[in-house]
1. List the residue pairs whose Cβ atoms are under 8 Å apart, where the first residue sits in the stretch 11-35 and is among the acidic types (Asp, Glu), the second is assigned to a helix (DSSP H, G or I), and the two are 6 or more positions apart or on different chains.
2. Identify the single condition in (1) exposed (fewer than 15 other Cβ atoms within 10 Å of the Cβ); (2) at pLDDT below 85; (3) under 25 Å from residue 109 (Cβ atoms); (4) within 18 Å of the chain's Cα centre (by Cα) that residue 44 does not satisfy, given that it satisfies every other one.
3. Condition check: surrounded by 18 or more Cβ atoms within 10 Å (Cβ to Cβ) and closer than 17 Å to residue 121 by Cα. Does residue 101 satisfy that?
4. Of the residues that sit in the stretch 111-136 and are among the acidic types (Asp, Glu) and within 28 Å of residue 89 (Cα to Cα), which one is surrounded by the fewest Cβ atoms within 10 Å (Cβ to Cβ)?
5. Could you grab me the full set of residues in the stretch 4-28 that are acidic (Asp, Glu), part of a helix (DSSP H, G or I) and modelled with pLDDT of 80 or more?
6. Being touching a helix residue (DSSP H, G or I) at 6+ places or on another chain (Cβ under 8 Å), modelled with pLDDT of 95 or more and under 25 Å from residue 52 (Cα atoms), is that true of even one residue in the stretch 75-95?
Amino acid sequence: MADQAELWKALSSLQSVKGDFLSAAETRLKHFRALSALLRRVNGPSERGAFGSPKALEQQKEAIDALRAAAHLLQRAVDGDSDPVDIVRRMRDINTTACSLTEELRQRANAYDAILQRPQIEALRVEAQELATQTSAFLQNSAEST
């Protein structure tokens, strides 16, 4: 599964070099989903406490980075000939995911067994919150321009 995540990352880079930002964004979303599935498999679907290992914390950071990269690529796709409605729909999905991730990380940081990981989890939560704020601003600007 980790190799698959690396393949999604490499494919996205290749697509963005070619100027296909919409496909690159979709590939980065697949990268995010692959990492999220890996984390759920390792930590369990309803785990709300500490991450099982430092590697899991690292993978969560990489997943947030993939989500941020997808949002950035969608912003670059606006300048191309991509369908604006499709871009907004995808950005809304990223915004919803970032908001959910922010809440999940807040719950994890507040769990008793996560006391030693709290600073790292809180840093991840801040990153997810910043992404949610950025995508929300993009969506608001898109709504105002239509």
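The values are calculated or read from the model by the stated rules, or taken from the named source; none is laboratory data. It should be emphasised that the depicted structure is a prediction, and the values quoted were computed from it without experimental measurement. Reconstructed Cβ throughout: ideal geometry from the backbone, glycine too, with neighbour counts over all protein chains shown.
1. 26/70; 26/90
2. Unmet for residue 44, out of (1) exposed (fewer than 15 other Cβ atoms within 10 Å of the Cβ); (2) at pLDDT below 85; (3) under 25 Å from residue 109 (Cβ atoms); (4) within 18 Å of the chain's Cα centre (by Cα): (4).
3. yes
4. Looking at residues that are among the acidic types (Asp, Glu) and within 28 Å of residue 89 (Cα to Cα), I get 130.
5. Listed by number, the list holds a single entry, 26.
6. Checking the stretch 75-95: not a single residue is touching a helix residue (DSSP H, G or I) at 6+ places or on another chain (Cβ under 8 Å), modelled with pLDDT of 95 or more and under 25 Å from residue 52 (Cα atoms).
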